[in-house]
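To start, the structure under review is shown below, and the notes come after it.
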Amino acid sequence: MSDWIDQFIFFDELGEESRSGLDSILKQHGDAAVSAAFEEWKHLRSGLRSEFATRIPDRHSLIHFAMWRHGNASLLTVEELNSVEAMLPDFEEALDRSEALRAIVERIGDEQLDFLEAWRLHVGDVEAPSRPPSLGPLYSRRSSQRASNFVWRAAAVFLIAISTAALYKGLGVESEMIVVGSPADGLRQVVLDDGTMIRLVGGAELSYRRPSAEEPFDRNVSLTGRALFVVTSGSQRFVVETPAAVTTVWGTTFGLDSDESFTEVVLAEGRVSVVSRRDSQHPVVLEPGEMTRVVGAREPTTPVRVNITDALSYTRLFVFRNEKTFMIANKLTEHFGVSIRVHSALADETVTGTFERNWSLGYILQTVARTLDAEVKGSESDGYELAPRETGGRTM
Amino acid sequence: MERRLQYPSGDPDIGRYRLPESALGVEKNEKGTGLDPMPAAVELSADFVIRARAGDRSCEERLLARLRPILHTYFIKRIGLRPEVEDLIQNTLLRVHNGLKDIEYPERFMGFAMKAALYELHDLYRGRYSGRESLYDPAEPPEHATDPTTSGNAIDAERALSVLSPRARQILELREYGYRYKEIADMVDTSEAAVKMQVKRAFERMRRLLVA
């Protein structure tokens, strides 16, 4: 293609002076057909801009969504968070339709991390999500309701600690495989092509075959260490391999903790099947709130009931599933050392939600209160109270 | 509805946000020339934000002075050593200044500053090519441009967009958002040359459609 034609194709890169000279270039080299082509090229670009703009009417809202999407919802105001939640279906649809929009949202995640790193450089350590912070929604809902603000469809907290002998060190050591790792003392969150979100904890490594146009993502991964999986629902099962076990899910939340010869699975939501790598004939199926272990070549242990919040504490999250409000208050008091009273009318209400442990207590309580249509009274110094909303009352 | 933290006594300076006594007031340094600076973590703390929000000019000045180098590091990281960096810093500081009185959670000033920086960065993207939308004045088409209404050579806009490959469309959409081709290459994990080749191919496909 001629160099002079490149100037028209990339006219938006030209300075004022160069653009003003394009007309003379066209006279010198072009003909009517070429002129028409360039005119249409402008129209195409203009049409693309207009259409794309309809998907992003407000760039600030897109930024808020990206912050929420990347685990920084606590940095949003109540109004911003409410706005994001109200627009979630629109954002979901827009992301489904536009690769460009997905790329922009991911880039905003990097932009956030760069800011945190700049802050850390000049101020000191801050609690920050690791790269790339793409865990799906951290939300709270009444257990009797469907989550209205759940972004990535049916997310389940799936912690899979899988020790893998087949993992490669580093990132992308082999071109067919993608390897993602988290810092030894940090977190890293990944979103796979099917929307499944994985939160790698403390030195964990995840690997999977690099998807391509010919071979899309096959929902098979291997994991070493600890991770939280938010697996989207789909017609195809999602499989996680560890040296000791193979865990199969269909849109589930569960936790995994493993090493070379041990795997523990805790199920928070959904269904999961666990088999030993050495003996796949005796699977164990977990119900929510159950745990099983695979040790060496033995079969998975009989499922036992566990407290999900305690069992999944190493994810650095509070994971509440159908948890009574007074129990949530107890857990938060235990962690923050602040007294929290729950009005009797709310004590037995159950809530399902996931919260970062480094969020402020006030923010967590507000989220729970919003779910219950309640209000938070008091302060950290005097203690908090969750109470039914009063009309005209003072709230936090 | 805006929600503000309500402190029991109504005084925003109570509880855990109170500055230690040693940090209050003015102390002269060894040369007696003025304030000794406090650590950045103190001058960017919730206490300072609360005081700045309440109208303490000195606190606000320190707050913004502490924020400046952070923004400088950040914007250089994002867009490189470009003249726009200083504009971005100034606009972000102005945005922070204007928004101080409405900060809901002083302890999350970092997040507030981050949002301000992100807004300015994306406003920069939007403004990069907005002045270059028209190769020519649309009211005065170029001499050599074929009149699409008479020549029959016009392409339906939707049809033109439909000939774009998904990759080309993604690249052009990112371009229209305001990213440079180098930035787009980073986002789609390829080289700038490959990105531009996609754009050229898109042009050629459109031109063939025009001829067809």
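The values are calculated or read from the model by the stated rules, or taken from the named source; none is laboratory data. It should be emphasised that the depicted structure is a prediction, and the values quoted were computed from it without experimental measurement. Here the Cβ is made from the backbone with ideal geometry for all residues, glycine too, and neighbour counts use every protein chain on show.
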*How about the stretch A:59-103: which of its residues are of a type in the set (A, V, I, L, M) and touching a Phe, Trp or Tyr at 6+ places or on another chain (Cβ under 6 Å)?*
A:84
*Mind checking which residues of the stretch A:1-20 are loosely packed, with under 12 Cβ neighbours inside 10 Å and either at pLDDT 75 or above or more than 7 Å from chain B (Cβ to nearest Cβ) (or both)?*
A:2, A:3, A:15, A:16, A:17, A:20
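Taking the criterion of being within 11 Å of chain A (Cβ to nearest Cβ), at pLDDT 50 or above and buried (at least 18 other Cβ atoms within 10 Å of the Cβ), would at least one residue in the stretch B:9-17 satisfy it?
no
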*Quick one: residue A:82 ticks every box in (1) in contact with a helix residue (DSSP H, G or I) (Cβ under 8 Å, 6 or more places away or on another chain); (2) within 11 Å of chain B (Cβ to nearest Cβ) bar one, so which box is it?*
(1)
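With respect to residue A:79, is the statement that it is at pLDDT 80 or above and acidic (Asp, Glu) true?
Yes: the conditions hold for residue A:79.
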*May I ask you to verify whether residue A:65 is crowded, with 17+ Cβ neighbours inside 10 Å and either facing chain B (nearest Cβ under 7 Å) or part of a loop (DSSP other than H, G, I, E, B) (or both)?*
no
*What residue, among those in the stretch A:307-318 that are modelled with pLDDT of 85 or more and aliphatic (A, V, I, L, M), is nearest to residue A:198 (Cα to Cα)?*
A:312
_Please return the ranges of helices (runs of 4 or more DSSP H) entirely within the stretch B:117-212 where 1 or more residues are modelled with pLDDT under 90 and within 8 Å of chain A (Cβ to nearest Cβ)._
B:148-151, B:157-162, B:166-177, B:192-211
*List, please: which pairs have Cβ atoms under 7 Å, are six or more places apart or on different chains, and start with a residue in the stretch B:161-183 that is free of Cβ contacts under 8 Å to residues at least 24 places away in the same chain and end with one that is acidic (Asp, Glu) and surrounded by fewer than 22 Cβ atoms within 10 Å (Cβ to Cβ)?*
B:166/A:99; B:170/A:99; B:181/B:192; B:182/B:192
*Considering the stretch A:310-333 alone, what residues qualify as being under 29 Å from residue A:373 (Cβ atoms), surrounded by fewer than 20 Cβ atoms within 10 Å (Cβ to Cβ), among the hydroxyl-bearing types (Ser, Thr, Tyr) and under 23 Å from the mean Cα position of the chain (by Cα)?*
A:313
*Residue by residue through the stretch A:354-385, note down the ones that are farther than 30 Å from residue A:252 by Cα and either more than 12 Å from chain B (Cβ to nearest Cβ) or not small (Gly, Ala, Ser) (or both).*
A:375, A:376, A:377, A:380, A:382, A:384, A:385
*Any idea which of A:73, A:66 is within 16 Å of the chain's Cα centre (by Cα), modelled with pLDDT of 85 or more and not assigned by TED's automatic domain parsing to the domain that holds residue A:12?*
A:66
*asked:* For the stretch A:38-52, check the following and say yes or no: at least one residue is more than 8 Å from chain B (Cβ to nearest Cβ), within 38 Å of the chain's Cα centre (by Cα) and modelled with pLDDT of 75 or more.
replied: yes
_I'm trying to understand the selection: among the residues of the stretch A:98-129, which are surrounded by fewer than 20 Cβ atoms within 10 Å (Cβ to Cβ) and modelled with pLDDT under 85?_
A:124, A:125, A:126, A:127
*asked:* Could you go through the stretch A:98-105 and let me know if any residue there is within 28 Å of residue B:102 (Cβ to Cβ), within 12 Å of another protein chain (Cβ to nearest Cβ) and under 16 Å from the mean Cα position of the chain (by Cα).
replied: yes
*For the stretch A:75-92, name all the residues that are out of contact with any Ser or Thr (no Cβ under 7 Å at 6 or more places or on another chain) and within 23 Å of residue B:120 (Cα to Cα).*
A:75, A:76, A:77, A:78, A:79, A:80, A:81, A:82, A:84, A:91
*Being more than 23 Å from residue A:78 (Cβ to Cβ) and more than 27 Å from the chain's Cα centre (by Cα), is that true of even one residue in the stretch A:375-395?*
no
*asked:* If residue A:276 satisfies all but one of (1) more than 20 Å from residue A:239 (Cα to Cα); (2) surrounded by 15 or more Cβ atoms within 10 Å (Cβ to Cβ), what's the number of the condition it fails?
replied: (1)
